[in-house]
Amino acid sequence: MTSTAPEKAVPDTAPAPTSAVELSIGGMTCASCAARIEKKLNRMDGVTATVNFATEKAKVSYADGVEVTDLIATVEKTGYTAEEPPPPASGTADTSEGEATPAADGELLSLRQRLYVSLVLTVPVVLMAMVPALQFDNWQWLSLTLAAPVVVWGAFPFHRAAWTNARHGAATMDTLVSIGTLAALGWSVWALFWGHAGMPGMRHGFEFTISRGDGSSSIYLEAAAGVTAFILAGRYLEAKSKRKAGAALRALLELGAKDVAVLRGGKEVRIPVAQLAVGDRFVVRPGEKIATDGTVVEGASAVDASMLTGESVPVDVTVGDAVTGATVNAGGRLVVQATRIGTDTQLARMAKLVEDAQNGKAEVQRLADRISSVFVPVVILLALGTLLTWLFVTGDATAAFTAAVAVLIIACPCALGLATPTALMVGTGRGAQLGILIKGPEVLESTRRVDTVVLDKTGTVTTGRMQLQDVIPAPGVDKDELLRLAGALEHASEHPIAQAIAAGAAERVGSLPVPENFENVAGLGVQGVVDGHAVLVGREKLLKEWVIELPHELADAKAAAEAEGRTAVAVAWDGEARGVLTVADAVKETSAEAVAELRRLGLKPVLLTGDNQLVAESVARSVGIDEVIAEVLPEDKVDVVKRLQAEGRSVAMVGDGVNDAAALATADLGLAMGTGTDAAIEAGDLTLVRGDLRVAADAIRLSRKTLATIKGNLFWAFGYNVAALPLAAAGMLNPMIAGAAMAFSSVFVVTNSLRLRSFK
């Protein structure tokens, strides 16, 4: 068993730019857009920029002599929009991070409108083209009336993006969609108005001979409208997912208290947290959140810091101890003096870590875009070559145009438009049945590469709740009696450890008596009278104050429990020590099986925790983990992930707490337990709804299987097009064979994707 202390990042010795700004970027349609803006900004002297497609923000550091207006102008020259967000209100944390802007809402609404209208118009076009019985006289003109708005208005975002990409010498999926749909529509318009396709009584026949077809009698409106509708559906779902990218930051900031009871002139005055100042003293009652970072100046209590630290063991605090904002007072009344407010608090710093991790995480460019960047120029060159060759050889402009446009039409990505969405739809649907939520196609590639899985301890490997473990009675003491008296006294306490003992006692012995003369002894335990017995429950020091010593049997049991990382509580009544109760965060029953399954997938498990070394090693041994990294502060978990990545490992992180959010975003693959906090869930790439660690292995296997299906779909989608391109270029492409081939490729892609439904 090895233990590795977290290393701090080595500071950069290069001179840093003197100013920094965050710009909101508009008009990006894919990860390649973000890469293009980033490249343009970084070419400016003294500028270092990182552009995040998911959050639509650019983090820019710049030297003296560079103005923000220069940065905005560079982005606009690249074909996109940029603006500087308004500054946050004075004295508060920057809550603008991750907020949905009106522009983002408008973009999503526009996509939804285009999708719904396009679907309504496309369905009858496809049905009329594919079902001959529905082809009435002049049906083709109705198809044109319905399909034209879809291709021109519905696909306008693709045409606009294709034009922007073309101006900068780039080609993406948008380019292929735009060219293919416009070529199909353009050819259909020509065939209807100047060819034979507009004749009354025209039908789509079925000839399976390979001969030069009469292009003037063929229309491809169903292909143009269908591709547009399918890809709009994919873009709409992607936009909804992308809009949630900043929710981790909002969830973090919303953890904090909204108002606070400040002491002014000896009286409590309720004010918004934003008005709190350093040095102010404020009251925190049991069950309330601590408003900001500070120091206890009055009172003693137990503080539940699990929402920030992830550790289930409460922290006892008294006068002089530091407390953290957003943690919960689980015990008595506290008076705290504020030491840090607004953006200086630990909560705000953790939000900043999540934000930086999301911005610094490289976005995986979509597979279709990468293939399209090569495929599209090749198709365009082939179409141009076909046109020139036919003109040179035959001198027939109509035949030359027919063959050239046929090349573009057969390259129209019908199956390609289905390749990723159908596999993702079936894969994510099956995942949802198994308790796995996959955020998007870019997540899937990460699952293939990971070789190390970092497991947060509390709430991931363990239950995250304190539970009664062992009951060790002194010789001659009945175990049930020990539980009954100790549980009754602890039931009157608000301390989390006391509540764990009370719950365990009630579960094992039934109803508990009501104590009398109950007293909470700050930092030591509780005392009172139960069924006529004077009972003490708490630390060994509490017993010593009543001149009660633990016999060696109980002292040995207490030492053994603490050596395993458990919390030992001593029990005495009527002047004698009667037993020891042990409390711990229990390991989930399925964790050992889950770790074994992760190993079978070729992953090396690492246990990461802020808990002490003894506890961490005890948990690791019980589930079969060899590598342990313990006593890590919440903000240092990111450093641990980065250090493992610097060692050449591809890291998956599994966690559930706010303190894990930044590490989840930094890791190559983040798996968030669905039973955890919203901040962790939104920062993760995969969400494990059931909170069972075995689902992590299922999630990785399903993601890898879905990625393999998408790649297979893409191969066959392009394969049909590539195989048919020579026939189109040679003028031997019968329109019906082309349509049948394209339909078959789509059916194959859908059928291949449906195989994911059988994943177990």
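The values are calculated or read from the model by the stated rules, or taken from the named source; none is laboratory data. Note that the structure is predicted; figures quoted are calculated from it, not measured. Cβ: placed from backbone, ideal geometry, glycine included. Neighbour counts: every protein chain shown. We work out accessible area using only protein heavy atoms, side chains counted, and drop any ligands, DNA or RNA first. Shrake-Rupley method; radii C 1.70, N 1.55, O 1.52, S 1.80 Å.
In table form, for the structure just shown:
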| read-out | value |
| --- | --- |
| Conditions (1) surrounded by fewer than 20 Cβ atoms within 10 Å (Cβ to Cβ); (2) at pLDDT below 75; number of the one not met by Ala233 | (2) |
| Helices (runs of 4 or more DSSP H) fully within region 106-199 counting 2 or more residues that are touching a Phe, Trp or Tyr at 6+ places or on another chain (Cβ under 8 Å) | 173-193 |
| Condition broken by Leu115, with the remaining ones in (1) open to solvent by less than 50 Å² (accessible area, probe 1.4 Å); (2) under 26 Å from the mean Cα position of the chain (by Cα); (3) at pLDDT below 90 satisfied | (3) |
| Residue within region 555-570 that is open to solvent by 20 Å² or more (accessible area, probe 1.4 Å), assigned to a strand (DSSP E or B), at negative phi and at pLDDT 90 or above present | no |
| Meets criteria (of a type outside the set (Gly, Ala, Ser), modelled with pLDDT under 80 and assigned to a helix (DSSP H, G or I)) for Ile497 | no |
| Residue pairs meeting the criteria (Cβ under 8 Å; at least 6 apart or on separate chains; first among the β-branched types (Val, Ile, Thr), in region 132-153; second open to solvent by 60 Å² or more (accessible area, probe 1.4 Å)) | Val150/Val117; Val151/Leu182 |
| Top-ranked residue of region 530-540 - restricted to ones that are of a type in the set (A, V, I, L, M) and buried (at least 21 other Cβ atoms within 10 Å of the Cβ), ranked as nearest to the chain's Cα centre (by Cα) | Val537 |
| Of all residues in region 508-529 being of a type in the set (S, T, N, Q) and part of a strand (DSSP E or B), the one that is surrounded by the fewest Cβ atoms within 10 Å (Cβ to Cβ) | Asn517 |
| Pair list, Cβ < 6 Å and 6+ apart or interchain, from region 454-481 residues that are closer than 27 Å to Asp531 by Cα to residues that are open to solvent by 60 Å² or more (accessible area, probe 1.4 Å) and at pLDDT 85 or above | Val471/Lys479; Pro473/Lys479 |
| Residue check for Ala697: on the phi < 0 side of the Ramachandran plot and either modelled with pLDDT under 85 or open to solvent by 10 Å² or more (accessible area, probe 1.4 Å) (or both) | no |
| Check on Val580, within 18 Å of Ser618 (Cβ to Cβ) and touching a helix residue (DSSP H, G or I) at 6+ places or on another chain (Cβ under 9 Å) | yes |
| Within region 700-743, tally of residues that are among the polar types (S, T, N, Q), modelled with pLDDT of 80 or more and either within 19 Å of Leu434 (Cα to Cα) or open to solvent by 10 Å² or more (accessible area, probe 1.4 Å) (or both) | 3 |
| Filter result for Gly504 (on the phi > 0 side of the Ramachandran plot and crowded, with 20+ Cβ neighbours inside 10 Å) | no |
| Residue in region 221-228 that is open to solvent by 80 Å² or more (accessible area, probe 1.4 Å), at pLDDT 80 or above and of a type in the set (A, V, I, L, M) present | no |
| Residue match in region 656-663 (condition: surrounded by fewer than 24 Cβ atoms within 10 Å (Cβ to Cβ) and among the β-branched types (Val, Ile, Thr)) | no |
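Residue-wise test of (1) over 30 Å from Leu702 (Cα atoms); (2) open to solvent by 10 Å² or more (accessible area, probe 1.4 Å); (3) among the β-branched types (Val, Ile, Thr).
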position	(1), (2), (3)
Leu542	yes, no, no
Glu549	yes, yes, no
Val583	yes, no, yes
Gln613	yes, yes, no
